[in-house]
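A short write-up of the structure that comes next.
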Amino acid sequence: MSVFSAWVARSRGLFADNKGPWGSPPSGGSNDPTPGPWGKSAPKRPRGDGLGGGVSSLEEFLERNRRRFGGTGGGGGGGGGARFVPDRSLYFWAAIAFFSLWLVFTSIHRIAPDEQGVVTVFGRYHNTLNSGVSFTLPAPISRVQKVNVAEIRGVDVGSPTEETLVLTGDQNLVDIAYRVLWSIRDPEQFLFELRTPEDTIRQVAESAMRQVVSQMSLNDVLGVRRGEIEARVREEIQQTLERYDSGVIIRNVSIRQADPPGAVNEAFKDVTAAQQDAESEINKANAYALQLRQLAQGEATAFDKVYEQYQLAPDVTRKRMYYETMERILRNVEKTIVETPGVTPYLPLNQLQQPPRPSPSQSQGTGAGR
Amino acid sequence: MSLLRAHPFASLLIGLFLLFTLFGTVSIVPETQQGVVTRLGKPVRIVNSFEPGERFGEAGAGLNAKIPFVENIVWIDKRVRDLDMDVQQVLSTDQRRLEVDAFARYRVVDPLRMFIAARSEDRVEQALRPILGSQLRNELGKRPFASLLSPEREGAMENIRVGLNRIAEQYGVEIVDVRIKKADLPTGAPLDSLFARMRSAREQEARSIRAEGAKRAQIIRAEADAEAARIYAASFGRDPQFYDFYRAMQSYQTTFLGDGQNAPAPTTIVMSPNNEYLREFTGNR
């Protein structure tokens, strides 16, 4: 404790000594015995023996110091200074603590694995810190701006709810929504080269997409060449940003939606419907063709088989077929055999054709057998 | 020390004065700014001015000394800045209106000239914005509408950039790039007629697709018919007479008995005894 207070006293004295040029009277040589800071009369000693004169004890050392530094400023001043000593030391230590904390916090930097730190010394770019713990000069001198270089940021242009109409090369409009993914490649360029990097990327993305789409036909945009558009837009954005030294790399451009505008959507749906219609028409025709072919082949084969047999015995086969067919037919139909040729015109054929009716038939009346 | 205690107020003033002098003498020049040092309002030198191809940490950024209270630093942005333009109506040579939204990117390359001509970036932008608009109208007005939707557009943009740059040079500004952000048809009649055209084009497409489908279906059917005919002919043609008989038998049966799926209408046959089938019926052989 006493060492501690001695150190304080000494340092206090150091300050006092520093301020010597502002008119402190020469120390030690004062004539009157000045009361010490703690009210104790200092032993009068010549300045000459000072520190070199064999300090017998710590007490004496302190005493001498007190006399040398504390007791120099004249009665009132010394007394006043002495009264503030405990407060001063508190402030002093608080200041030291604050200073060292601040030193620690502003000169040790922990850079996360996905970050880089751009160090500027008095505003001038100094170096770029990689991930890990690094040291720089403290705050007002050095400044570290941490930039996340791994994070993939997105810019969305167009939304599913609102139409973003873009003119195509064949002077049609397409409603398009896409996302541009980018990340920071050079943190220093990103920080120092562009005033509004995010806005710039968005504007360039918009412009590049419109430029590429304006060189494609509507069907290309809606259909198969989407991948090509994405690749070209990405390249275009990258080239343009390169021209600004933006330090940005475009990771990906993805078209989330490319639709005809709502006002003409019905007509586009009708085209799809027409494709379906045509498809089904062709399918039907194919089914018919298949059926017809099978039928023809079947019939032809059947005829061929019968014909083979017919050739062996033409007359008999012919007769047989005839009678068999007639049998089958006449067995199942109503038959009327009229002997006299003149009767036929008077037959009430209308009634004859309705056999389920139990009414006595004219044909039976005329004596026709069943 | 005693003086400090004797005149605390004066000491404070002196301290503040010294502090101010220090701050007035030393200024921190960041990488993103260039400074025009003015002595009593008159520009005398430039700190951290833009040099093409320079690398960070090598050029003028950092601490800079100047005469306190006499010299001031006017900061001018060193970065690429955005010059955004209001939407312009452009009339192409084929009398079609187009709403064009464009932007330019610029950088102050001669801060001294820029300071003398305009003093601040905002005023440069105010001055250049209408020029960009008129350049755009002039350049695009020389072209037909269709060329705005073609790779030729690049050439137009380059012309605009060069034209704008010529004027921007007077402000110590370099135009890095001019790009069209949007080129839209104005809402109302032009947009509606475009929609109508798109719609009719789709209707045409739909019709032609349907017609194409019908055509192909018909061809398929006809081919099948031909194929069937060929098969029949190849087979039946070997004996037309027998085919006639054979087919008649089949036909009678189908007509009077049905084809196995549909029952035939009830039939009554009125036969004459002279019928071939009843030939033996009369018994007079």
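No value in this document is a laboratory result; all are computed from the given coordinates. Nothing here was measured: the structure is a model prediction, and the numbers come from that model. Cβ: placed from backbone, ideal geometry, glycine included. Neighbour counts: every protein chain shown.
For B:LYS42, the aspartates and glutamates whose Cα falls under 13 Å of its own Cα, not counting residues fewer than eight places away in the same chain, are B:GLU71.
Could you tell me which of rounded, prolate or oblate describes the stretch B:41-95, using a ≥ b ≥ c as the square roots of the eigenvalues of the alpha-carbon gyration tensor, with rounded for a/c under 1.5 and, failing that, prolate when a/b is larger than b/c and oblate otherwise? It comes out prolate by the Cα gyration axes. The shape of the stretch A:243-284 comes out prolate: with a ≥ b ≥ c from the C-alpha gyration tensor, a/c is at least 1.5 and a/b beats b/c.
When the convex hull of the C-alpha atoms of the stretch B:48-191 is computed, what volume per residue in Å³ does it have?
Details: hull volume 16.7 nm³, N = 144.
Measuring per residue, one finds 116 Å³ for the Cα hull of the stretch B:48-191.
Find how many whole Å separate the alpha carbon centroid of the stretch B:155-186 from the alpha carbon centroid of the stretch A:228-286. Cα centres, the stretch A:228-286 to the stretch B:155-186: 30 Å. The value obtained for the stretch B:10-60, namely the Cα convex hull volume divided by the number of residues, is 91 Å³ per residue. Counting Cβ atoms of other protein chains within 10 Å of each residue's Cβ and taking the mean over peptide B:210-218 gives 6. Cross-link partners of A:LYS335 among aspartates and glutamates, defined as those whose alpha carbon lies under 14 angstrom from its own and excluding same-chain residues fewer than eight positions apart: A:GLU327.
Across the stretch A:212-330, how large is the tail of the calculated P(r) beyond 26 Å, expressed as a percent of all Cα pairs?
Numbers: 4362 of 7021 pairs.
More than 26 Å apart: 62 percent of the Cα pairs in the stretch A:212-330.
Within the stretch A:130-251, all pairs of alpha-carbon atoms sorted by distance into 5 Å bins from zero give the percentages 2, 10, 18, 19, 15, 12, 9, 6, 3, 3, 2, 1, 0. Based on alpha carbons, the Rg and Dmax found for the stretch A:209-267 are 13.7, 46 Å.
The ellipsoid that matches the Cα gyration tensor of chain B has semi-axes, each √(5λ) in whole angstrom, of 102, 24, 18, with the longest given first. Scaling against 2.2 N^0.38 Å puts the C-alpha radius of gyration of the stretch B:156-285 at 2.87. For B:LYS181, the residues whose modelled amide H falls within less than 5 Å of its own, excluding neighbours fewer than 5 places apart on the same chain, are B:ASP101, B:ALA102, B:PHE103. Placing unit charges on the Cβ atoms only, positive for Lys and Arg and negative for Asp and Glu, gives the stretch B:5-162 a dipole magnitude near 520 debye about its Cα centre.
So which residue, out of B:ALA201, B:ALA102, B:ALA226, gets the largest mean-square fluctuation from a GNM of chain B using Cα contacts under 10 Å as springs? Fluctuation is largest for B:ALA226. Inter-chain Cβ neighbour count for B:192-203, averaged per residue, equals 6 (cutoff 10 Å, partner chain atoms only).
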